[in-house]
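The structure appears below as structure tokens.
The values are calculated or read from the model by the stated rules, or taken from the named source; none is laboratory data. These numbers were taken from a predicted model, which means no experiment stands behind them. For neighbour counting, all protein chains shown are included, and Cβ atoms are generated from backbone atoms with ideal geometry for every residue, glycine included.
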Amino acid sequence: MDQLINKRIVVGITGGIAAYKGAELVRRLKEAGAEVRVVMTPAATQFITPLTLQALSGQPVHVELLDATEESAMGHITLTRWADAVVVAPASADFMAKLAHGLAGDLLSTLCLASRAPLLLAPAMNSAMWENPATQANSQLLRERGVRLLGPADGGQACGEIGPGRMLEPPAIAAAVAQTFSSGALQGKTLLMTAGPTREAIDPVRFISNRSSGKMGYAVAQAAQEAGARVVLVSGPTALAPPARVERVVVESAAEMHAAVAARVAEADIFIGAAAVADYTTASAPHKIKKKEPRMTLELERTLDIVALVARRSPRPFTVAFAAETEALLEHAQEKLHAKNLDMVVANWVGRPGLGFDSDDNALTVLWRDGGVDWPAAGKIALARQLISLIAERYHAQHTS
Ligand code: PMT
């Protein structure tokens, strides 16, 4: 996160149980080289003390809008001019409603209204509050005005409910702030992707898997990072080291990969499914199966479709899937584009010597609703860079039309 070195970040904290994570966010930003000033709403001080944040930021914490002493030193206008970016984490439903309607009754909302710096919000609230049409309308309005919403994530909440509304973890928020300062075709975007094979356990020592090495997916992750994206790579077992500055989440089975994507998809602007996910799994025997019988039968069950999970969200990320084919490549790829409701499908012949699975080269046919392109055999990293620049172009075309 070199982009944060010497950057001046205002961290806003509003009143909510996730306010304590603001301390971790301040620490992460400072560690990455940023200068940090903290502004809290009065409600936030009920959840975490200004003293804690003062100790972590090394600066006085600002709470009151009309504090004469603070105003002369670092008031809301001074702070606004000082900031390279403002990140509010957690952002409560109430705070988002205020921002959407231009209310400025406290220091933090006044500062956000007066600021021309990039504004990022990490919503955190009960899932029913997040799903309420009022909050959804406010979120949409804020997005349309260029505010970047980070999450929320799905999962267990302090109130005991399970669903969307959890604040993203501080490392993910800090990475998103860092991305605001990078340049490139995917600057400021979060790209979530899968790569590598999955392993479906038969017993504690055996599994069903496939020939994917992860090379193609890792090359795509590297190219996306180079283009300025924050990249979260959910990877099945491979021998590869993660590309620099890519956040890797290692999983084993299709079910684990599905859960890892489900937990992070809310952060994503773009999703790419490059993993060779098992289509079928089986229940693992608790102990090593003994070779007593001359024959044995494994009962297989369909796995959950990860790309389908992503593609049916609303709003959803720009969704791209790879398709590995051994015959009728175009026909099958077209079928997947429509059946999986994709924005783009990247088809590759597999089974040809020197291309596809576990080789350094590949040849790709990329299709989208009203177009397509063929790329002849080349190194995976070169193809990955071509692919990322095409995805960036189509992503931006979709978001400006
Ligand atoms: O890893 P390498 O050795 O470099 O090889 C690269 C590759 C051949 C593995 C890669 O380029 C590739 O083609 N990946 C997709 C392989 C695949 O599983 O294709 P598919 O046609 O079976 O699946 C289509 C899409 O659905 C894929 O995006 C897949 O990730 C996704 N899928 C499949 C099953 C499932 N349960 N969930 C999914 O999301």
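Residues of region 348-401 being more than 23 Å from Ala229 (Cβ to Cβ) and in a strand (DSSP E or B), which ones?
The answer is Trp349, Leu355, Asp361, Ala363, Thr365, Gly372, Asp374, Pro376, Ala377.
For region 45-60, give me each residue that is farther than 14 Å from Arg28 by Cα and either touching an Asp or Glu at 6+ places or on another chain (Cβ under 7 Å) or outside any helix (DSSP H, G or I) (or both).
Passing the criteria: Phe47, Ile48, Thr49, Gln59, Pro60.
Quick check on region 1-26: of everything there that is touching a residue at least 40 places away in the same chain (Cβ under 8 Å) and under 11 Å from Pro170 (Cβ atoms), which residue is surrounded by the fewest Cβ atoms within 10 Å (Cβ to Cβ)?
Glu24
Of the conditions (1) loosely packed, with under 14 Cβ neighbours inside 10 Å; (2) more than 26 Å from Arg264 (Cβ to Cβ); (3) at pLDDT 95 or above, Ala137 clears all except one; give me its number.
(2)
Condition test on Ile173, is it of a type in the set (A, V, I, L, M) and surrounded by fewer than 16 Cβ atoms within 10 Å (Cβ to Cβ)?
Numbers: of a type in the set (A, V, I, L, M): yes; surrounded by fewer than 16 Cβ atoms within 10 Å (Cβ to Cβ): no.
No.
Criterion first (closer than 26 Å to Ala174 by Cα, surrounded by 20 or more Cβ atoms within 10 Å (Cβ to Cβ) and either without any contact (Cβ under 8 Å) to a residue 24 or more places away in the chain or of a type in the set (A, V, I, L, M, F, W, C) (or both)) does Val265 satisfy it? Spell out the reasoning first.
Numbers: closer than 26 Å to Ala174 by Cα: yes; surrounded by 20 or more Cβ atoms within 10 Å (Cβ to Cβ): yes; either without any contact (Cβ under 8 Å) to a residue 24 or more places away in the chain or of a type in the set (A, V, I, L, M, F, W, C) (or both): yes.
Considered against the rule, which asks whether it is closer than 26 Å to Ala174 by Cα, surrounded by 20 or more Cβ atoms within 10 Å (Cβ to Cβ) and either without any contact (Cβ under 8 Å) to a residue 24 or more places away in the chain or of a type in the set (A, V, I, L, M, F, W, C) (or both), Val265 comes out as yes.
Can you go through Arg264, Arg230, Arg245 and tell me which one is touching a helix residue (DSSP H, G or I) at 6+ places or on another chain (Cβ under 9 Å), closer than 18 Å to Val307 by Cα and either polar (S, T, N, Q) or more than 10 Å from the ligand (Cβ to nearest atom) (or both)?
Details: Arg230 fails: closer than 18 Å to Val307 by Cα; Arg245 fails: closer than 18 Å to Val307 by Cα.
The conditions single out Arg264.
For Thr282, are the conditions met, namely being polar (S, T, N, Q), surrounded by fewer than 20 Cβ atoms within 10 Å (Cβ to Cβ), more than 9 Å from the ligand (Cβ to nearest atom) and within 20 Å of Ala201 (Cβ to Cβ)? Write out each step before concluding.
Values: polar (S, T, N, Q): yes; surrounded by fewer than 20 Cβ atoms within 10 Å (Cβ to Cβ): yes; more than 9 Å from the ligand (Cβ to nearest atom): yes; within 20 Å of Ala201 (Cβ to Cβ): yes.
Judged against the criteria, Thr282 is a match.
Quick check on region 215-222. Is at least one of its residues surrounded by 22 or more Cβ atoms within 10 Å (Cβ to Cβ), within 15 Å of the chain's Cα centre (by Cα), within 26 Å of Ile381 (Cα to Cα) and hydroxyl-bearing (Ser, Thr, Tyr)?
Within region 215-222, not a single residue is surrounded by 22 or more Cβ atoms within 10 Å (Cβ to Cβ), within 15 Å of the chain's Cα centre (by Cα), within 26 Å of Ile381 (Cα to Cα) and hydroxyl-bearing (Ser, Thr, Tyr).
Out of everything in region 349-394 that is of a type in the set (Asp, Glu) and more than 22 Å from Leu337 (Cα to Cα), what residue ends up being nearest to the ligand (Cβ to nearest atom)?
Looking only at region 349-394, we keep the residues that are of a type in the set (Asp, Glu), and these are 358, 360-361, 370, 374, 393.
Checking the rest, the ones that are also more than 22 Å from Leu337 (Cα to Cα) come to 358, 360-361.
Values: Asp358: 4, Asp360: 9, Asp361: 10 Å.
Among those that are of a type in the set (Asp, Glu) and more than 22 Å from Leu337 (Cα to Cα), it is Asp358.
Does Ser253 satisfy the criteria of being among the polar types (S, T, N, Q), more than 9 Å from the ligand (Cβ to nearest atom), within 30 Å of Trp130 (Cβ to Cβ) and in contact with a Pro (Cβ under 9 Å, 6 or more places away or on another chain)? Walk me through it before giving the result.
On the way: among the polar types (S, T, N, Q): yes; more than 9 Å from the ligand (Cβ to nearest atom): yes; within 30 Å of Trp130 (Cβ to Cβ): yes; in contact with a Pro (Cβ under 9 Å, 6 or more places away or on another chain): no.
No; evaluated as a whole, the condition is false for this residue.
Looking at region 278-290, I want the residues that are among the aliphatic types (A, V, I, L, M) and have a partner that is at pLDDT below 95 and part of a loop (DSSP other than H, G, I, E, B) with Cβ atoms under 7 Å, at least 6 apart or on another chain. Which pairs are those?
From region 278-290, no pairs qualify.
In the set Leu65, Leu121, which member is in contact (Cβ under 8 Å) with a residue 12 or more places away in the chain, closer than 26 Å to Pro164 by Cα and not in a helix (DSSP H, G or I)? First the steps, then the outcome.
On the way: Leu65 fails: closer than 26 Å to Pro164 by Cα.
So the residue among Leu65, Leu121 that is in contact (Cβ under 8 Å) with a residue 12 or more places away in the chain, closer than 26 Å to Pro164 by Cα and not in a helix (DSSP H, G or I) is Leu121.
Residues in region 301-343 that are within 24 Å of His396 (Cα to Cα), away from the ligand (no atom under 11 Å from the Cβ) and not acidic (Asp, Glu): how many?
Looking only at that region, the number is 10.
Just the residues that are outside any loop (DSSP other than H, G, I, E, B) and crowded, with 16+ Cβ neighbours inside 10 Å, please, taken from region 100-113.
Our first condition is that a residue be outside any loop (DSSP other than H, G, I, E, B); within region 100-113, this holds for 100, 107-113.
Hits for region 100-113 are Ala100, Leu107, Leu108, Ser109, Thr110, Leu111, Cys112.
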